[in-house]
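The values are calculated or read from the model by the stated rules, or taken from the named source; none is laboratory data. Note that the coordinates shown come from a computational prediction; the quantities given were computed from them, not determined experimentally. Using ideal geometry, Cβ is built from the backbone for each residue, glycine included, and neighbour counts are taken over all protein chains shown. Please note that ligands, DNA and RNA were not included when accessible areas were found on the heavy atoms of the full protein model with its side chains. Shrake-Rupley method; radii C 1.70, N 1.55, O 1.52, S 1.80 Å.
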Amino acid sequence: MHMSINLGISHLRSIVAIADYESFTSAAHALGVSQSSLSRSVAEAERRLDVTLFERTTRRVELTTHGHEIIEHARRMLHDFDDGLTQIERFVTGDRGIVTVACLPSLAATFLPPYVVDFRERHPHVRLQIRDGLRQEVLDAVYSGTVDLALVTTSGILPGLQQDVLTSDSFYCAVPPTHPFAERPVLQWSDLAGQPFIAFGPESSIAAPVRRAVEDARIELGPVMQAQNIGAVAGLAAAGLGVTAVPALVLPMISFAGLVHIPLRPRVERTISLVQVAGRPQTASTRGFVNALLAGRS
C-alpha cells in the first residue's frame, strides 16, 4: 500500500538542525525560531513519519537508528531544494539563462565580441548564442521570436520593433596597393565613376547605402561584379578585378587581402541598431545584455 508522508521543508530544516547541534536550544537559535516552535515542528514530523527520530537525554539530543537514516535523506532533499532555489534566483536576477542574439556577420565578427567577453565575465552562467545572417534573415528571426534581440543596420522605422541606435560607421574604398587610388588620402564618391566595381549582393546590408551614395554622386560605375560574401568581395578586389566600398566595421574582416583603405567623401554612414519586438516580455538575463549594449553605445 502506498503511503503519502506530508512533510514540509520547515520540518526537514528543523530535524536536520537538531541533528547538527544536538540541542533544541542551539538549533532554535540557529534557525531563528523559538524553542517551543521547534519542539512542535519536530513532534509533528515524528507523528507524520510515525517514528521516533531523537532520544532526549539530560545533556544532549541523540539520533535514533531510524533518525540516522531519515536525516541523511533529509539532508539530500534540503541540498537539492536549496540548490534549485539558487538556480531560480540566478534566473530571476539575470545570472543564469540563455540569451540569443541575431546579427550581421560583420557585427558578429567586429562589434559584438567585446560586449560578449565583458558580459560573460560578469555573468558566467548565462549562455550567449550568436546567430549571424543576412539582414532580412536577422529581422525575420526577431519577428518570429526565435531570437531575443538583433543587431542590424537601420535607415528608417521597422514596424513593430523597438530600435535603439548603438553606433554608426562610414565607408572606405578598398583597392590593391598597386591601384592608382592607393596613394590618395581621401576619395570622393565621384572618383569611382567608370571604375570596375566589386559590389555586395542586393541582400547584403552594405548594398543599399553604397547604391544611394553612387546615385547621389550622379555617376556611372564601370563593369560591376557582385559577390555576397565579404571574403569573396575582398578577394576579387585584391585580384585587381575592381574597387569596392566597405564600411569601417568590415575592414578587419578583409585584412587578409592586403587592400588599401581610403575614406570616401561625402561621408556616408551606416547606422547600427539594437532591435527587439516592442512590448515582448524579456528574461532578466536578456535585459542585462541589452543594458550592457546600451551602456556602451557611441
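Taking only protein heavy atoms and a 1.4 Å probe, the accessible area of the stretch 169-270 is 54% carbon and sulfur. What the chain shows is 53 Å² of accessible area per residue, with the surface traced by a 1.4 Å probe over protein heavy atoms. Karplus-based coupling profile of the stretch 229-241, in residue order and whole Hz: 7, 4, x, 5, 4, 5, x, 5, 5, 5, 7, x, 7, with θ = phi - 60° in 6.51 cos²θ - 1.76 cosθ + 1.60 and x standing for Gly or Pro. Contact order for the chain, expressed relative to its length and based on alpha carbon pairs under 8 Å spaced 6+ residues apart, stands at 21 percent.
Using θ = phi - 60° in the Karplus curve 6.51 cos²θ - 1.76 cosθ + 1.60, the 3J(HN,Hα) couplings for the stretch 261-272 round to 10, 10, x, 9, 10, x, 4, 10, 9, 10, 8, 9 Hz; x is entered for Gly and Pro. For the chain, the residue among T153, S36, I15 whose Cα projects farthest onto the positive side of the dipole built from Cβ charges is T153.
In this Cβ point-charge picture (+1 for Lys and Arg, -1 for Asp and Glu), the chain has a dipole of about 400 debye about its Cα centre. Taking θ as phi - 60° and the Karplus parameters 6.51, -1.76 and 1.60, the scalar couplings of the stretch 278-287 work out to 4, x, 6, x, 10, 6, 5, 5, 5, 4 Hz in sequence order, x denoting glycine and proline. On a per residue basis, the convex hull of the C-alpha atoms belonging to the stretch 180-291 measures out at 139 Å³.
Rolling a 1.4 Å probe over the protein heavy atoms of the stretch 9-93, with every protein chain left in place, gives an accessible area that is 51 percent carbon and sulfur. Close amide H contacts of V260 (hydrogens built in the peptide plane, cut-off under 5 Å, sequence separation of 5 or more or a different chain): V175.
Residues whose amide H comes within less than 5 Å of that of L161, counting only those at least five positions distant or on another chain, are A278 (H built at 1.01 Å from N in the peptide plane). Each peptide in 105-115, 222-232 receives the mean, over its residues, of other Cβ atoms within 10 Å, and ordering these scores from highest gives 105-115, 222-232. Of all DSSP bridge pairs formed entirely within the chain, close to 60 percent run antiparallel.
Quick one, which of (i) 1.00; (ii) 0.94; (iii) 1.69 is the actual Cα Rg over 2.2 N^0.38 Å calculated for this model? Of the labelled values, this structure produces (iii). Positive-end ranking of V126, L112, V142 along the dipole of the stretch 101-223, with charges on Cβ about the Cα centre, is headed by V126. Other residues within the sphere of radius under 15 Å centred on the Cβ of D50, judged by their own Cβ, net out at -1 (K and R +1, D and E -1).
Projecting the Cα atoms of A217, G296, F24 onto the dipole axis of the chain, where Lys and Arg carry +1 and Asp and Glu carry -1 at the beta carbon, places A217 farthest toward the positive end.
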